[in-house]
Amino acid sequence: MDNFFNGIRDRQGEKVSIFYCGRNIEGYSSEPVSLALYSKGYKVLGRSKKLYRFRGFYSLDPQDRIVLTKIGDEYVNACEIYCQDGQNIEVDFSTPFLVKVFSSLLDGYFQHRRFVKNRILWRLAVDKIKQMANHPEVRHIEARKTGRIIRVASDIVVVGGGLAGLTAAYTVSQLGLKTLIIDKSIELGGRLRYDYMDVPGVPVSREYLLEDILTKISSDGNIKTLTRTIFTGFFEDYPTAYSQEERTLYILKAKGFIITTGVVDLPCIFRNNDIPGIFSASTVLEMVNRYRVKLGEKSLIIGLSQNSLRIAEQLKRSGIDVVMVDNSRSQSIQSDLSRVGECIVNVREIEAVGRKCVEKANIIHDDGRDRLEVDFIVCSAFSNPDILILNQLDSRLIYIGGVGFVPVHDEYMHLKDNIFIAGGVSGSPYSILHLIEGEIAALSAAYKLGAKEVEPLIEEKIKEYRTKLNEMNVKWKNKVFRNSRSELIENSSFTYPPTLFIERPRRDAFICFCEDITTEDISRTVHEKGYTLLELVKRSLGVCTGRCQGRLCMVNAALYVSYLSNLDPSQVGLTKARAPVTSIPLYILAGGEEE
Amino acid sequence: MRIAVIGGGITGLSIAYNLAVRDAGEIHLFEKNWITYGSSTRSGARFRVHFWTEENSRFAIESIKRLEKLAGKMEWNPIIYRGGYIWLLFNEHQIERFKETSKMWSKLGVQGVFLEPEEIRERYSYINVDDVLGAFYGPQDGSLHHDYVCFGYYSLAKKLGVIFHELTPINDINIVDNKVKQLKTLNGVVDVDVVVLATGAWTNELLEKIGIRLSTEPVRKEVCLTEPYHHFIDPLIIDMGSGAYVGQTLKGEILGSIDYPTPPGLIKLETRLEFVIKWAKAITKRIPSLKNARIMRTWAGYYMMSTDNSHIMGREPEWPEGLYVAYGYSGHGFMMAPLVGELLAENILTGKTPELMRPFLPTRFKENKLIQEKLVIG
């Protein structure tokens, strides 16, 4: 047990004083501001755009910019900024009078025929509407920062520094190729850093695995790393990455890319699923294990899967009570549940209760209803590969029930042109498969770059890969491989959205947090307007057009539309993502002295 | 009569709606992707009435009037907002030319205002006017919601019985006895009496199949969009020095673009970092407070350029009977389409050429009666 809490090293950093709406709060320089505030009970980081609802953070990922907080004189993602002495955090708790009275004016539809018909009334209304949204100010902030643009060349760029990415990077560099690892987190390791349980199928312990790979990487002269840097996608002329910390845009030059961006834990769709205290599965592990923040006494985990069980077990070990719920009737893993906690299945509807943070959860299931006191809720029902970059690249995506939208790739982990993928982004479960895929992607990339001698090694690895896929019962990969060899995409079948926990469309069950779009908005578009292509739903509502660029809402929206319209998800489709996949400040693009 | 409109963008939708309103018969609309897919949904979503030529200005004025009238009938609010356009001018020559042209605008009832640098600073404190010599402000210009306008036309047309064939590309147009006869689609052949090409940037491909050549070519244009911010930029600002433009949508995003050399043709709709950097440099110089804004998205679409930068509508007498076109807007199609649909529908049904439409006939190239529109933005 003791060993369990010993992270790789102590991550407390030095104590600092920060100020939340004038109140002095103690934080640690190694913690993101959002986390320091949450641990002290200050959970509201901002208000939502249209409805002015209280919002906290859903994940610590810098790409999930669903709420911006005023820190100092800038509006930033409070998960991206680390505590510094004297920081001022301001949250405006008031709601404008007009929004209270006319909140319907701001709904996703903008359908005000009464106003439109009367041109004078419309002119008055539009003047008010444009001022009503809760957006950050950009105008009155003094622009005194400068940024820079740096060109970086490498043979291979690996996007993501988790198990798959690090393995790939090391394998590539062993073949004498220069490698650049780009990772958005503060240190390499990905899930190995915060999921304290061993990796399924890997014969060594997690600690050993992590230390071993990090030592190899850091002692390898061929490998360079950029941490706290987000890969921002492929423009026509250059691939780019961006670091907020360094105020730098990197223009990348490489002969091959290995994308290992992992998965996104999708938010679950239930009533009041936007209030502070609702987190993604990996964020909860990160907070509990890596930052050792006391999140509360009682938790609710939505979703019953091997992954949820890992989370439940780790929460339990840090003294948090767990209740697990799911909508499915699956009994397969219920046998292991007794040791982790209570479990409610056949759930029909969940409602989070609380205004500024989660206090209770109402659960309606086949056998009645339960009212639970909870301190936080974990969304662990479904993780989709993080396909934002691949979607921007126009790669083919196929929907696999239970796995999500998966990029079509072959056994060589080849996606298209000089781009390879490995790990969670290819849909594989977190296991030894990530390691093997990392190796295969690396070898294939090297082969593509001219290292023809690795061919027998690749074939050997692929044999091992196939055996492991069979052992781990990952049969659907064959369908993906099959599709990579033909132009046509096989149809998937209709599935009940795994993240859906409401019985009917609700005004308080959100799909898109950036643009405040609810299940009711989407249901109206599908039923009244008859739009069932996600591209058209996007254009009518603005879903997937917010600051997170659809990272959190796109798959949920597609699955929900498919559920409402009885179509299979590949018919509904996704929307095209555009470069840059994470926003870049203009001062960096404009002020960039090229180096 | 069976009429096929090819293209489900704003032009096709407007034509189909106007034909249906006039009870033209059986109207089919073919779209190779989904409604709005082509250049309509990639539009900058602005309209203006200030053009260099009287023909275009007059056309735009009437067109916006049509759209405003229709707004109350549509199921979608087109969100028309007259925030104005402001052209920042940098030398005497530019000012002179605007002053000259503004006489024509006043005659048409769309007077603008000339602003001195101090006045610009007073009205729009966020604009850096250090090197600006003056500006022309057109209060009649503004913005609309491009997707909602299309959806509005779509729902109206659907109610009136227009038959929509989405995801249905047209492979060929069969001509028999110099008369349009059939359309070939993946699902088979459709008999038609009239074919209207509202296929924007993709028109040349279809026209060439029936041996017609008009001098038009698609040019890719790229656009940048920032994250949404509290509304503060009302007009569309056109920097006549750098060739950049910038405006703010009602949703709060800041949208803009800049001239950037691009080879013509249907090249892939991707965007370049070099372009984004050029825009960022120009726009942060003009509006320094935008330095803290963050670019969220970029996308590209085509301007279908004609030799005189004005649209082409109607038919040439030698063409196969029943063939009409409406395209070649050179970047200002969205604002023209409401009237194009109305005039072309009249033209198809009555055979008469309405006065406003006459200058835009395709025959103008042979007759050398070019319109020569010089005010193209972006």
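For residue B:363 and residue A:145, a Förster radius of 51 Å and the Cβ-Cβ distance give a FRET efficiency of 0.35, rounded to the nearest 0.05. Remark: segment A:458-595 carries a charge dipole of roughly 500 debye about the Cα centre, counting +1 on each Lys and Arg Cβ and -1 on each Asp and Glu Cβ.
Span-like helix check, chain A: qualifying full DSSP H segments, with Cα axial length of 20 Å or more and mean Kyte-Doolittle of -1.0 or more, are A:432-448.
Rg/Rh, computed from the Cα trace of the protein assembly as shown with Rh as the Kirkwood radius, has the value 0.98. With 19 Å as the limit on Cα-Cα distance, the pairs of A:255/B:278; A:253/A:416; B:221/B:268; A:50/A:538; A:15/A:40 that go past it are A:255/B:278.
Once C-alpha pairs closer than 8 Å and six or more residues apart are averaged by separation and normalised to the residue number of chain A, the relative contact order reads 16 percent. Taking GluC sites (Glu not before Pro) across segment B:2-104, none is in a DSSP loop with at most 15 further Cβ atoms lying within 10 angstrom of its Cβ. Across q = 0.13, 0.28 Å⁻¹, segment A:197-250 modelled as identical point scatterers on its alpha-carbon atoms has Debye log10 I(q)/I(0) values of -0.56, -0.99, in the order of the q list. So what does the Cα-only Debye profile of segment A:278-381 read at q = 0.15 Å⁻¹, as log10 I(q)/I(0), no solvent term? Ignoring solvent entirely, the Cα scatterers give -0.55.
Ranked by the mean number of other Cβ atoms within 10 Å per residue, highest first, peptides B:314-321, A:441-448 order as A:441-448, B:314-321. The eigenvalues of the Cα gyration tensor, multiplied by 5 and square-rooted, give segment B:52-199 an equivalent ellipsoid with semi-axes of 44, 20, 15 Å from largest to smallest.
Spread over its residues, the convex hull of the C-alpha atoms of segment A:2-90 is 111 Å³ per residue. Our compactness index for chain B, the C-alpha radius of gyration over the empirical 2.2 N^0.38 Å, is 0.99. Distance from the alpha carbon centroid of segment A:447-486 to that of segment A:404-421 works out to 11 angstrom.
Shielding of peptide B:35-45 by partners, expressed as the average count of other chain Cβ atoms within 10 Å per residue Cβ, is 1.
Rounded to the nearest Å, what's the spacing between the alpha carbon centres of segment A:171-231 and segment A:262-292? Just the number, please. About 24 Å separates the Cα centre of segment A:171-231 from the one of segment A:262-292. Placing unit charges on each Cβ (+1 for Lys and Arg, -1 for Asp and Glu) gives the protein assembly as shown a dipole about its Cα centre, and among A:214, B:310, A:272 the Cα reaching farthest toward its positive end belongs to B:310. Helix B:54-71 and the longest principal axis of the C-alpha atoms of chain B enclose an angle of approximately 80°.
With both labels modelled 7 Å from their Cα along Cα-to-Cβ, the residue A:494 to residue A:417 distance reads 3.9 nm.
For peptide B:267-275, the mean count of partner chain Cβ atoms within 10 Å of a residue's Cβ comes to 5. Toward the positive end of the charge dipole of segment A:496-567, with +1 on the Cβ of Lys and Arg and -1 on the Cβ of Asp and Glu, the farthest Cα among A:519, A:559, A:534 is that of A:534.
For the residues B:196, B:132, B:149, a GNM of chain B with alpha-carbon springs under 10 Å puts the largest fluctuation on B:132.
Taking the Cα centre of segment A:2-90 as origin and assigning +1 to Lys and Arg Cβ atoms and -1 to Asp and Glu Cβ atoms, the resulting dipole is close to 600 debye. Take every Cα pair under 8 Å whose residues are at least 6 apart in sequence, average their separation, divide by the length of chain B, and the relative contact order is 24 percent.
Here each label is just a point 7 Å from Cα along the line to Cβ, and for residue A:362 and residue B:213 those points are 7.2 nm apart.
Share of Cα-Cα pairs in segment A:496-567 beyond 21 Å, in percent? Of the Cα pairs, 12 percent sit more than 21 Å apart.
Taking the number of Cβ atoms within 10 Å of each Cβ as an exposure proxy, the fewest-first ranking of B:52, B:76, B:279 is B:52, B:76, B:279. Only Lys, Arg, Asp and Glu carry charge here, each on its Cβ (+1 for the first two, -1 for the last two); on that basis segment A:413-536 has a dipole of about 380 debye about its Cα centre. Cβ screening of the protein assembly as shown for cysteine pairs under 4.7 Å finds these without a partner: A:21, A:79, A:83, A:343, A:357, A:514, A:544, A:548, B:150, B:224. Would you work out which of B:301, A:306, B:8 lies farthest towards the positive end of the dipole of the protein assembly as shown? Charges go on Cβ: Lys and Arg +1, Asp and Glu -1. Working it through, the farthest residue towards the positive pole turns out to be B:8. Ordering A:83, B:150 from the fewest to the most neighbouring beta carbons within 10 Å gives A:83, B:150. With neighbour counts taken as other beta-carbon atoms within 10 Å, the residues A:208, A:20 rank, fewest first, as A:208, A:20. With both residues required to sit in the protein assembly as shown, DSSP beta bridges show an antiparallel share near 60%.
For the segment B:67-75, counting C-beta atoms of other chains within 10 Å of every residue's C-beta and taking the mean gives 3.
Coordinate-derived values only; no laboratory data. Just so it is clear, the model here is predicted, and its values are computed rather than measured. We place every Cβ from the backbone using ideal geometry, glycine too, and count neighbours over all the protein chains shown.
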